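First up is the structure itself, then whatever we jot down about it.
The values are calculated or read from the model by the stated rules, or taken from the named source; none is laboratory data. Please read these numbers as outputs of a predicted model, since none were measured by experiment. Don't worry about glycine lacking a Cβ; one is built from the backbone with ideal geometry, like all the others, and counts go over all protein chains shown. Keep in mind that these areas ignore ligands, DNA and RNA; they rest on the heavy atoms of the full protein, side chains included. Shrake-Rupley method; radii C 1.70, N 1.55, O 1.52, S 1.80 Å.
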Amino acid sequence: MGSFAQVVAASARVAQSSARSRKIAELASCLRALDPDEVELAIGYLSGSPRQGRLGVSHATLHAVRAPPSQSATLRLRDVDSALDEIASVAGKGASARRADALQRLLAAATAEEQDFLARLLTGELRQGALHGVMLDAVAAAANVAPDALRRAAMCAGGLPEVAAAALADGEAGLQRYVVRPMQPVLPMLAQSADSPQQALERFGRAAFEWKLDGARVQVHKAEGDVRVFTRNLNDVTERVPELVDSIRPSPQRTMIVDGEVIALRADGTPLPFQQTMRRFGRRLDVAAMREQLALSAFFFDCLYADGEVLVERPARERFEALERCVAPDMIVRRIVTGDAGTASAFAEQAVAAGHEGVVAKSLDARYEAGRRGAGWLKVKRANTLDLVVLAAERGHGRRSRWLSNLHLGARDPVGGGFVMLGKTFKGLTDEMLAWQTARFRELAVRDDGWTVHLRPELVVEIAFNEIQASSQYPGGVALRFARVKGYRPDKRAGEADTIDTVLRLHRAQVQAAG
């Protein structure tokens, strides 16, 4: 039976190492020493994502329930899991006091090192570089299975922890139970970035170009007469989008999985702001009334499964053909196939003129790389925009003095973990957004120095900017010029934000173009 101290010590060693290979070796060694049924818990702790999700524990709460550390390491992984279950399940009258009591009992049983780890885990500040790719490779090494086989299984299961336990218990044979099938959501494939359609064609040659809609990503499953709808985070939202269910049910295909976007459109067919679309996903009640006020339209671009046949390993051209058999023509995103840069650029301009973001270029030979930013998809947006994470916010001046306003923006560091700050902005924020974010930031606060409120890095915001300039003020060596907020992206997780590598690549391309 594995001790919590083993995981804490492994985390410390991983944090001290800058080499990816060393991080993988340390994590693999830790996982091998655990019972298979403890692996899922350990991966959650090492990744900063306990099984119970966010527990609402702040620095203020931890300060209020301080306990002297235990002198001996007696906590087991299951002890910690049980304690977190208790904290997560507390509700009703007197909940705060009962939650504090459960937290204090957990801390009192922990050593000083374990208390420090728990504090960072519970407040979302655990940063030791055990990112998804590193953890996946570590599990593969610990279980002696091929990383690609493990990745495919994790794709089918919708995550790594459960699959990791199976791999460590039964090796390659344990992965065979995880297959693409209807009603089990699959991690979505994501796109890398390109600067222009021409750049995409230089990589792919002849390619498909699709309008990039500023909607909400959905994955729709059908099995016989049952239809289920999942978000990009694999949440089941079927009951909130009845019109989507109604549009899919008549399909002649008995079983299928299709991938696409839903979007709220004006009467003239142009898109409403993204936040309007997302209103439908935030409402559990009055769905019928919301449907009348804010109808959603669905547009699909891929097919992962059709009538008993798994298609994720098939080339894109074959999946496009399958999609045409699954949904009506007016439910397929606008697409052309071309090898001509002028034609592709004109098509991208049409997308922008229609109010959309740009285009996605897709290799006709690419497989569906679920859960990854696949090399076979390249997004070409109409403007300079980045999806960044809000790291902190400053109190406003003047009429904004009652709100948290100036945002500290960070790009994801895929190697070292954490986020690299690129600058600040308060531009583009409406009064409604200021009020909303002030309330939300107080829920995410981990430290408040009286001027700046530092946050758990969870909120993704889309930022438009004029250019990226060299800057010695920020650790990445670059900053955004004239940054302004386009809108929050509640459909995206912090782990899906743009990376500092993307920012630096855009900066290099900008410098070369200017020279």
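Structural remarks
- Debye-sum result for the chain in log10 I(q)/I(0), which assumes one identical scatterer on each alpha carbon, at q = 0.05, 0.06, 0.08, 0.10 Å⁻¹: -0.21, -0.30, -0.55, -0.89
- Of the residues Lys486, Lys379, ranked by 1.4 Å probe accessible area with the largest first, the sequence reads Lys486, Lys379.
- Anisotropy class of region 254-365 from Cα gyration tensor, a/c 1.5 cut: oblate
- Projecting the Cα atoms of Ser17, Thr61, Asn144 onto the charge dipole of region 1-146, computed from C-beta unit charges around the Cα centre, puts Thr61 farthest toward the positive end.
- With all protein chains kept in place, the per residue accessible area of the chain amounts to 44 square angstrom at a probe of 1.4 angstrom.
- Carbon/sulfur fraction of accessible area - the chain, other protein chains in place, 1.4 Å, %: 50 percent
- Sites Arg206 and Ser82 - FRET efficiency at Förster radius 56 Å, r taken between beta-carbons, to 0.05: 0.45
- At R0 = 56 Å, FRET efficiency that the Cβ-Cβ distance of Thr61 and Arg249 yields, to 0.05: 0.75
- Over the chain, dividing the summed -39,500 (n - 2.57) contributions of all DSSP H runs of at least 4 residues by the number of residues returns a 222 nm mean residue ellipticity of -11500 deg cm²/dmol.
- The chain, relative contact order in percent, only Cα pairs under 8 angstrom and at least six apart counted: 13 percent
- Treating each Cα of region 105-254 as an identical point scatterer and summing with the Debye formula, the log10 of I(q)/I(0) at q = 0.09, 0.10, 0.11, 0.21 Å⁻¹ comes to -0.49, -0.60, -0.71, -1.18.
- Gain on full stretching of the segment that runs from Ser96 to Ala146 - 0.36 nm per residue minus C-alpha separation: 13.4 nm
- Solvent exposure, largest accessible area first (probe 1.4 Å, DNA, RNA and ligands not counted), of Ser297, Ser251, Ser82: Ser82, Ser297, Ser251
- Between Thr385 and Ala439, residue separation times 0.36 nm minus the direct Cα-Cα distance comes to 16.9 nm.
- Here the spin labels are modelled as points 7 Å beyond Cα on the Cα-Cβ line, and at Glu309 and Ala223 they lie 2.1 nm apart.
- Signed unit charges on C-beta, dipole axis of region 359-512, positive-most listed residue Val415, Trp436, Ala464: Ala464
- Pairwise FRET efficiency - Leu272 versus Asn466, Cβ, R0 = 30 Å, nearest 0.05: 0.70
- Estimated inter-spin distance, Arg120 and Asn233, nm [label 7 Å along Cα→Cβ]: 2.4 nm
- Dipole magnitude of the chain about its Cα centre (Cβ charges: Lys, Arg +1; Asp, Glu -1), debye to nearest 20: 1180 debye
- Here the contact order of region 1-123, divided by its residue count and restricted to Cα pairs under 8 Å and six or more residues apart, works out to 34 percent.
- Extension gain, Ala375 back to Asp448 (0.36 nm per residue minus Cα-Cα distance, nm): 22.2 nm
- Inter-label distance, Glu394 to Ala346: 4.9 nm, where each label sits 7 Å from its Cα along the C-beta direction.
- Percent RCO, i.e. relative contact order, over region 228-309, from Cα pairs under 8 Å lying at least 6 residues apart: 40 percent
- Remark: accessible surface ordering of Ile336, Ile87 (largest first) is Ile336, Ile87, probe radius 1.4 Å.
- In the assembled protein chains, Met421 presents an accessible area of approximately 40 Å² (probe radius 1.4 Å).
- Between region 53-122 and region 439-509, the alpha-carbon centres lie 31 Å apart.
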